[in-house]
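For reference, the structure is listed below as structure tokens.
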Amino acid sequence: MTDAPTDARPGSPAAADERPTRLRRAVTGPLLFLFILGDVLGAGVYALVGELSAEAGGMVWLPLLVALAMALLTAASYAELVTKYPQAGGSAVYAQRAFGRPLLSFLVGFSMLAAGVTSAAGLSLAFGGDYLGTFLDVPAVPTAIVFLALVAALNARGIKESLRANVVMTAIELSGLVLVVVLGAVVLGRGDGDTARLTELPEGTGVAAATLGGALIAFYSFVGFETSANIAEEVRGVRRVYPRALFGALATAGVVYLLVGLVAPAVVAPERLQESSGPLLEVVEAAGGIPLEVFSAVALVAVANGALLTMIMSSRLAYGMADEGLLPAVFTRVLPGRRTPVVAIVATTAVAMVLTATGSLVDLASTVVLLLLLVFLSTNVAVLVLRRDRVEHDHFRAWTALPVLAAATCVGLLTQQQARHWLLAGVLLALGVLLYAVARWTGRRGAPADVRAEERVTPQD
């Protein structure tokens, strides 16, 4: 990977950052790092360690390592495209620039939206489930709806306020995972664990099958880095800070995940992890000395943080797609004073509320991964197609082999998805096609071209 120095000459990255935007450019490098780290850490590892144990037994660490490698491949493509086209809209914008087909661009963006709101729905239900049940006996669905409304209010208040909250919540959820690692080490140090389980597989399962099956689930724990593309307009010095924040956050999350993946099955038998809806609580309980309520509170913060960052992404993506003419212009309206995309926030939150009654955690996670794999495939191909497009400012450039390998990885994982996940994803994409047809029929894209051009945040090719 190559990266050229930055400067402040006309056409340089610094000059590119000064292009007008209706969004507030308030995201610094450290805030971006914590945004990505908080979104990647999220609730996946808190809930899915048990599912990973079902696939890989005690070798939970291996699919986590493979999933990290796959995530880094696609992250290189995002680093190049975000620094080349620093605007909201992410993968949908890249697809439009690369392929010039509005329907394809819409479906790429809609896949991201569908994955985002589906993930947020699952996280909101997780928030109202077993971890909250440690403190309150409340129905999950109404609690999830109220929770999403609170997330929307924070999202609408401002990106800076949202990311300040993310700083606190990321610190808490990272501390929770570090606590699991430390407590696991304590258990192993007193001789109560069994490190031999780290090489055990489920009966009748080979290493290749366990690794691939586990990687499909583990990949969900690493997705989230792509959401940062949708706040590119709000990042200061995006060309310089984005690659560092992206790869730094993924590496940090990867190290923490691998340590958890080594500790959990060594301390608690994989069979017991599989049966628990809060598998990391089992590690805390095995260690003793820490009230379970403390760790439940940490897990709730992790879930809340994941939902907040996912909804930030979804609303910015809807805003960016509308700015490209793929959604109604009303989605580009911002809240006066706060300069947050208020219509997009309301719409994506409403959809997430409707989806709160959808599926089990593993089905939701697998469907989210399937949809994101389609998006990642498009993005990895787009980065190669757009190599012929020259821009005036310097930007990050990935080694050509990386997007090629990433695209091949996406295809390989897509072939392993189960029929029910394809069915759910197919229904969502069919809904997207219907909405696109209705949008064209009702003239959603009929806003005057000069008005859209005036409001663009970066110039067209």
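Some notes on this structure:
- Between helix 29-41 and the chain: long-axis angle, C-alpha atoms, 0 to 90°, nearest 10: 50 degrees
- Size descriptors for region 110-169, from the alpha-carbon set: Rg then Dmax equal 12.9, 37 Å.
- Exposure of ILE145 as accessible area (Å², to 10), given a probe of 1.4 Å and all protein chains: 60 Å²
- Stokes-Einstein diffusion coefficient of region 38-88, Kirkwood radius over Cα pairs, 10 °C, 1.306 mPa s, in µm²/s: 123 µm²/s
- In nm, spacing of pseudo-spin labels at ARG387 and ALA153 (7 Å Cα→C-beta vector): 5.1 nm
- Here LEU292 and ALA401 are evaluated by their C-beta separation; at R0 = 35 Å the FRET efficiency comes out at 0.15.
- Just so you know, the Rg over Rh for region 291-335 is 1.33, from Cα atoms, with Rh as the Kirkwood radius.
- The calculated 222 nm mean residue ellipticity attributable to helices in the chain amounts to -23000 deg cm²/dmol, summing -39500 (n - 2.57) over DSSP H runs of n ≥ 4 and dividing by all residues.
- Taking all protein chains together and rolling a 1.4 Å probe, ARG97 ends up with roughly 40 Å² accessible.
- Distance distribution note for the chain: the fraction of Cα pairs above 44 angstrom is 10%.
- On Cα atoms only, tilt of 207-222 relative to the major axis of the chain in degrees: 60 degrees
- Compactness of region 249-323 is given as radius of gyration and Dmax, 16.7, 53 Å, from Cα positions.
- For GLU271, GLU293, the ranking by accessible surface with the largest value first comes to GLU271, GLU293, using a 1.4 Å probe.
- For the chain, the longest principal axis of the C-alpha atoms and the axis of helix 342-354 are separated by about 40°.
- Compactness of region 161-252 as Cα Rg over 2.2 N^0.38 Å, two decimals: 1.52
- If you bin all the Cα-Cα distances of region 82-213 at 5 Å, starting from zero, the percentages per bin are 2, 8, 8, 10, 13, 14, 15, 12, 10, 6, 2, 1, 0.
The values are calculated or read from the model by the stated rules, or taken from the named source; none is laboratory data. All figures in this text were calculated on a predicted structure; none of them were measured in a lab. Note: ideal-geometry Cβ built from the backbone for every residue, glycine included; neighbour counts use all protein chains shown. Side chains included, ligands, DNA and RNA excluded: accessible areas come from the protein's heavy atoms. Shrake-Rupley method; radii C 1.70, N 1.55, O 1.52, S 1.80 Å.
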